[in-house]
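This report concerns only the one structure given below.
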């Protein structure tokens, strides 16, 4: 009769436990890294680009409103008709601070972009700022790694439980 090798079995169970603990540790490290990256502030260049986009978008939006107002003057054939330049609005609406901002974005786009750039460059920027593109790429890579480890860990735990080992 052969003696059952309990030492070998004990070592295999111990190794499995160590592997599961190691994978859980890896998973926790990746999750912490992901949280830090997800919370990273925007880079200066991304902030400037966002402000410039806003100026362009609002200016283009206002151009449609101003063009319609100007068209009414032109079609009416009256050069003396009052046409608002910075506060033009669609008929039966009142100018608001945001509609006036849009008018200023159209009229002073270059000056506003230069001012936005100077403001961002002069600001004290938070530590850990990250380019949005880099941030997105790193988050996607980490999400993939986290998913892979979660799958491996689930398979290891399932295999251990199927074998009657509590982990």
Exercise. Would you check if there is a residue in the range 120-129 being assigned to a helix (DSSP H, G or I) and in contact (Cβ under 8 Å) with a residue 24 or more places away in the chain?
Key: yes
Practice problem: Working only within the range 73-99, note down all residues that are surrounded by 14 or more Cβ atoms within 10 Å (Cβ to Cβ) and free of Cβ contacts under 8 Å to residues at least 12 places away in the same chain. | Solution: 73, 95
Practice problem: Would you check if residue 134 is in a loop (DSSP other than H, G, I, E, B), free of Cβ contacts under 8 Å to residues at least 24 places away in the same chain and surrounded by 12 or more Cβ atoms within 10 Å (Cβ to Cβ)? | Solution: no
Quiz item: Among the residues of the range 76-113 satisfying the criterion of being assigned to a loop (DSSP other than H, G, I, E, B) and either within 28 Å of the chain's Cα centre (by Cα) or over 17 Å from residue 64 (Cβ atoms) (or both), which is modelled with the highest pLDDT?
Solution: 108
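The values are calculated or read from the model by the stated rules, or taken from the named source; none is laboratory data. Remember, predicted model here, so these are calculated numbers, not experimental data. Here Cβ is always computed from backbone atoms with ideal geometry, including for glycine, and neighbour counts include all displayed protein chains.
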